[in-house]
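Working notes, structure below.
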Amino acid sequence: MGGLSSSLAGPLSGFHASTVTSQLAMWWQPLILISELIGFGMLVFALIALVRHQGQGQQGGLGAIAMSALVGILLLSLHATIGSMSATFFGSGVTNPLAYATPQGVSTLSSVDIMGMTIVRIVGLIGFVNGLIYLKRAGQDPSLLGHSLTRITGGLLAMHIVTVIHMASAMV
C-alpha cells in the first residue's frame, strides 16, 4: 500500500494530504442531501404519474412508475441502502463509507494513500447513486438493467476499496 505514497513523495513533498482528505470527507453530507432531494423528487413525480395514469384509465406502463418510486425510496434512505448492500456483499454494514478506518493487518498508511482511497470512495458513491438513477431508467428500457447493476456494484466496490484490496490480496 505504500507504493502510491512512495511514487508521489517527490511531487507532493510539503503537500498536506490529510487536509485534503478531511476536505473531501466533508462532501459526504452534501452528497447524501442531494441524493435525498433527487429521491424525493422521483417519488413525487412517480405519484403524480400514477395519478395521471389512473385518470386516463390505461392498462400497462406501470413498470416505469413503480421503478421510479422504488429508486426514489432507495435514494431517500441512502444510508440504509448502502448499509444493506454492504452487508450483502461484505457481510457487514457501513454507516459512512467515506470515513477512513485503518484496516486490519495494515499498521500505517501515508496520508497520500488515505487521500487516494477517499477519492476512490467519493467516486464510488457517485457511481452508486448514478446506478440507482439508471435503475429508474431500466423501468422504461429493460436493456439498461445490466448497466445499472454494473454501476451499483462498481460503486459499492469502490466505496469499500480497502476491503476489496484485502480480499484480492488474500486470493493471491
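Just so you know, all these numbers are worked out from the coordinates, no wet-lab data involved. All values reported here derive from a predicted model rather than from experimental measurement. Here the Cβ positions follow ideal geometry from the backbone for every residue, glycine too, while neighbour counts run over all protein chains shown.
Observations on the model:
- Gyration tensor verdict on the stretch 114-172 (Cα atoms; rounded if a/c is under 1.5, prolate if a/b is larger than b/c, oblate otherwise): oblate
- Packing-based ranking, highest mean first, of 43-52, 74-83, 135-144 given that Cβ atoms within 10 Å are counted: 74-83, 135-144, 43-52
- Taking a Cβ cut-off of under 11 Å around residue 127, the surrounding Lys, Arg, Asp and Glu residues balance to a net charge of +2, with basic ones at +1 and acidic ones at -1.
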